[in-house]
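S.K.: This structure is in structure tokens; I'll ask about it shortly.
The values are calculated or read from the model by the stated rules, or taken from the named source; none is laboratory data. Because the structure is predicted, anything quoted here is derived from the model rather than measured. Every residue, glycine among them, receives a Cβ derived from its backbone with ideal geometry; neighbour counts consider all protein chains shown. Just the protein is used for accessible areas: all its heavy atoms, side chains included, with ligands, DNA and RNA removed. Shrake-Rupley method; radii C 1.70, N 1.55, O 1.52, S 1.80 Å.
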Amino acid sequence: MSGSRRDVLLVHEVFLFLYIVETRGLRTIVDLRRRTKIDLRDKWSLYNSGWNPNKNNVIVIHGFNGAANSRIMVILRNAYLMRGDFNVFMVDWSPLTVYPCYLSSLRNTRLVSQCTAQLYTYLTYWGASAYQIHCVGHSLGAHICGMISNHLTERQHKIIGLDPAKPLVDLFTMDEFRLTRDDADFVEVIHTNSGVYGEYPQIGHVDFSVNGGRMQPICTSQGNIIQQSRCSHFKSVCYYALSLSRRHNRFLGVQCTETCDSVVLPSFSNRIDIIPMGLQTPEW
């Protein structure tokens, strides 16, 4: 089967769902389970979905062997919905990323990024500006967020990568097919399993290495190193979801060395700059 024919068939395995918070009079109604499937072939699909053009938009993309309705992605989705100021788009490419076929999943990220770029263009067609849209991806999903810019005439404004996948990405893909700081005006990356399932730091304009970014303390009770690493890899999603709370952001970072083995202390002052992680991170 030719590559183009294959892509035409596989494009039907990428699903786009919109979750919204409804406002009725003075009441805000949060239905965490209600979703609307967006059909990019129908130009009125978004208009009829309940999409609010006055709100910001987030595009959320899961990683290898994941799904839009997996427990970890639901936590992230609901964290955005509870804020009340976002249209939440979930990209589900679960039929194209099935364990143990990691190499096939890696190949399919290119197609998923192309489909998601069409969603991005769809939003701008209906009036959303680049400043109203950001992409959040976990693992391979982070690289898909970056690859979206390959299919746009102007690069994205903001991308948040949650422990971008490392296995084979650095060996088999060029920068064009992985997340880099060139993919958006501002790229923020959260590392929780650097060097194993996740990429090393120095990917984005700002990289947060939580608890050193390699292994998360809460995961050390897991049975073996693989389970500990997997647990740590997914913690990037949990930490970021917690940072979305309007009440208080408990995730604050200070400058560290390239490997984040130690904190960099200023030589000329006793002041240490503290940077919030997540949506509140200053965009330099």
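S.K.: Being modelled with pLDDT under 95 and among the hydroxyl-bearing types (Ser, Thr, Tyr) is the requirement here; does residue 116 meet it? Before you say what the answer is, go through the steps one by one.
M.R.: Working: modelled with pLDDT under 95: no; among the hydroxyl-bearing types (Ser, Thr, Tyr): yes.
Against the criterion (modelled with pLDDT under 95 and among the hydroxyl-bearing types (Ser, Thr, Tyr)), residue 116 does not qualify.
S.K.: Restricting attention to the range 182-216, and to residues there that are assigned to a helix (DSSP H, G or I) and either of a type in the set (A, V, I, L, M) or within 14 Å of the chain's Cα centre (by Cα) (or both), which single residue is surrounded by the most Cβ atoms within 10 Å (Cβ to Cβ)?
M.R.: Start the filter on the range 182-216 by keeping residues that are assigned to a helix (DSSP H, G or I), which leaves 182-183, 210-212.
Now drop any that are not either of a type in the set (A, V, I, L, M) or within 14 Å of the chain's Cα centre (by Cα) (or both), which leaves 183, 210.
Details: 183: 25, 210: 22.
Looking at residues that are assigned to a helix (DSSP H, G or I) and either of a type in the set (A, V, I, L, M) or within 14 Å of the chain's Cα centre (by Cα) (or both), I get 183.
S.K.: Please go through the range 148-181 and pick out each residue that is open to solvent by 30 Å² or more (accessible area, probe 1.4 Å), in contact (Cβ under 8 Å) with a residue 40 or more places away in the chain and part of a helix (DSSP H, G or I).
M.R.: 172, 177
S.K.: Would you check which residues across the range 68-117 are surrounded by fewer than 17 Cβ atoms within 10 Å (Cβ to Cβ), more than 16 Å from the chain's Cα centre (by Cα) and not charged (D, E, K, R) and list them?
M.R.: Scanning the range 68-117 gives 82, 84, 95, 98, 99, 100, 101, 102, 103, 104.
S.K.: A further question on this structure: Go through the range 67-108 residue by residue and tally those that are in contact with a Leu (Cβ under 9 Å, 6 or more places away or on another chain) and hydroxyl-bearing (Ser, Thr, Tyr).
M.R.: 5
S.K.: Inside the range 252-270, can you point out the residues that are in a loop (DSSP other than H, G, I, E, B) and either at pLDDT 90 or above or among the small types (Gly, Ala, Ser) (or both)? Don't jump to the end; show me each part of the working.
M.R.: Within the range 252-270, the first condition is being in a loop (DSSP other than H, G, I, E, B), and the residues that meet it are 254-255, 257-262, 264-270.
Residues satisfying the conditions are 262, 267, 269.
S.K.: Taking the range 90-133 only, how many residues are under 22 Å from residue 173 (Cβ atoms) and among the β-branched types (Val, Ile, Thr)?
M.R.: Taking the range 90-133 as the starting set, the residues that turn out to be under 22 Å from residue 173 (Cβ atoms) are 91, 93-118, 120.
From what is left, the residues that are among the β-branched types (Val, Ile, Thr) are 91, 97-98, 109, 112, 116.
Qualifying residue count, the range 90-133: 6.
S.K.: Give me the pairs: first residue in the range 51-66 and in a strand (DSSP E or B), second residue open to solvent by 50 Å² or more (accessible area, probe 1.4 Å), beta-carbon distance under 9 Å, and six or more apart or on different chains, which are they?
M.R.: Short answer, once both residue conditions are applied: 56/131.
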